[in-house]
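Only one structure is covered here, and it is reproduced in the block below.
What follows draws every value from the coordinates through simple rules; no lab data is involved. Source: prediction; values computed, not measured. Ideal geometry is used to build each Cβ from the backbone, glycine not excepted, and the neighbour counts take in all protein chains shown.
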Ligand code: MF3
Ligand code: CO
Ligand code: CO
C-alpha cells in the first residue's frame with residue numbers, strides 16, 4: 001500500500017521511477033558492481049591504469065553493455081582512475097601503479113539504457129598509515145551517509161551526517177563535487193552534496209528515487225584544484241591524500257536499497 005503523505009509546501013519531488021524502471025536500474029547497478037569485482041584482483045603494483053581501463057572496457061562490451069564515461073562530455077577513457085592526491089576524474093594513463101599508491105576506480109556502465117555508477121579506492125601493495133586512514137575514513141563516510149537514509153528523508157540529512165563525521169575526524173569533505181540522481185541519464189536531479197546545503201532540504205528521497213552517494217574525503221583541507229590542462233583531473237588544493245567510495249541507491253518504502261553491492265568488496269564495518 002502506498003502511504004498517503006502531505007509534503008511540506010515547496011518541497012521538490014525528484015523523478016520517481018516505476019517498478020519497471022527500477023528493474024532496469026537494479027540490473028545496471030548489479031552489472032557495475034560485477035565490473036568492480038572483476039577489476040579488484042587486477043589492481044597491483046606495476047599495472048597501469050590504461051591496462052585497467054582496457055580490461056574494464058573489454059569486460060563491459062563483452063557483456064553487451066556500454067562504458068558510460070567513454071566520450072561523456074569528451075572524457076577519453078572508459079573509467080576514471082584517481083591516484084593519491086587526485087580527488088576525482090583522473091584519466092587512465094601509462095604510469096604503472098607503485099607500492100603505496102591508493103587508486104580510486106570509478107566505473108559507470110549503461111545497461112539497456114540505464115546507468116550504473118559506483119567506485120572504490122584500492123590499496124596498492126603496502127600503503128602508509130596516512131593512506132590507510134584516509135581510505136578508511138572515505139569508506140566510513142559513505143556508510144554514514146547511507147545510514148542516514150530513511151524513506152521520505154531529505155537530501156540534506158546525508159550531508160549533515162557526513163559533514164559531522166568529517167569534523168569529528170578532522171578531514172576535509174569535498175564540497176565542489178557531489179553525488180547525483182541517476183537513471184536514463186548519468187547525472188540528474190537531485191544533486192547530493194556531502195555537506196549540508198540549505199537548498200537540499202527540499203529534495204525528498206521518496207520511494208522510487210535513485211541516486212548516488214560518493215564522498216571525496218581529503219586528509220587535509222576540503223578545497224580542490226583543477227581541472228588540469230587535460231580538462232579533467234581534479235586534485236586536492238593542498239596536495240594531501242584523498243579517497244572516495246560510491247554506491248548507487250534506490251529509495252524504497254522499506255528504506256534504502258543499495259544497487260551496487262559487490263561480492264568481494266569491503267562490507268560495512270570493514271577495517272582496511
Ligand atoms: N563516475 C563519475 C560520477 O560518479 C562521473 C565521471 S564523469 C567522467 O559521477 F566523464 F569523468 F567520466
Ligand atoms: Co562514479
Ligand atoms: Co556518480
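Can you list the residues of region 200-224 with backbone N under 12 Å from a point 7 Å past the Cα of residue 128, pointing along Cα to Cβ?
Under 12 Å, as judged by backbone N against the label point of residue 128, lie 219-220 of region 200-224.
Rounding to the nearest 10 and keeping the result within 0 to 90°, find how far the Cα-based axis of helix 49-62 lies from the longest principal axis of the chain.
With both axes taken from Cα atoms, the answer is about 50 degrees.
Roughly how many Å is it from the Cα centre of region 184-200 to that of region 234-272, as a whole number?
Computed from Cα coordinates, the inter-centre distance equals 16 Å.
Compute the distance in nm between two label points, each set 7 Å from the Cα along the Cα-to-Cβ direction, one at residue 54 and one at residue 187.
About 3.0 nm separates the two model spin labels.
Could you list 187, 63, 89 so that the one with the fewest beta carbons within 10 Å of its beta carbon is first and the one with the most is last? Intermediate values should be presented prior to the final figure.
Values: 187 16, 63 13, 89 20.
By the 10 Å Cβ count, ascending: 63, 187, 89.
Determine the calculated [θ] at 222 nm for the chain from helices alone, applying -39500 (n - 2.57) to every DSSP H run no shorter than 4 residues and normalising by the residue count; nearest 500 deg cm²/dmol. Walk me through the intermediate numbers first.
Working: 4 runs with 69 residues, N = 272.
For the chain, the value works out to -8500 deg cm²/dmol.
May I ask you to give the average projected area over all directions of the convex hull of the Cα atoms of region 19-258, in nm² rounded to one decimal?
Values: hull surface 47.5 nm².
The orientation-averaged projected area of the Cα hull of region 19-258 comes to 11.9 nm².
Can you compute the modelled spin-label distance between residue 44 and residue 264, with each label point 7 Å from Cα toward Cβ, in nm?
With each label placed 7 Å out from Cα toward Cβ, I get 1.1 nm.
Label region 87-212 by shape, choosing from rounded, prolate and oblate, from the square roots a ≥ b ≥ c of the eigenvalues of the Cα gyration tensor; if a/c is under 1.5 it is rounded, and otherwise prolate applies when a/b is larger than b/c, oblate when it is not.
On the way: a/c = 2.45, a/b = 1.33, b/c = 1.85.
Oblate shape, in that a/c is at least 1.5 and b/c is the bigger or equal ratio.
Roughly what angle does helix 19-40 make with the longest principal axis of the chain, taking Cα atoms, 0 to 90 degrees, to the nearest 10?
That helix lies at roughly 20 degrees to the long axis.
Among 260, 233, which comes first, then next, by fewest other beta-carbon atoms within 10 Å?
On the way: 260 25, 233 19.
Listed from fewest to most nearby Cβ atoms, that is 233, 260.
In degrees, nearest 10, range 0 to 90: what is the angle between the Cα axis of helix 129-147 and the longest Cα principal axis of the chain?
So the helix axis and the longest Cα principal axis differ by about 20 degrees.
Got a sec? How would 186, 245 order by Cβ neighbour count within 10 Å, fewest to most? Could the numbers behind the result be given before it?
Details: 186 16, 245 25.
The most exposed by this proxy come first: 186, 245.
So for region 8-157, what percent of the C-alpha to C-alpha distances run longer than 29 Å?
Numbers: 2818 of 11175 pairs.
Counting pairs separated by more than 29 Å, the tail of P(r) holds 25 percent.
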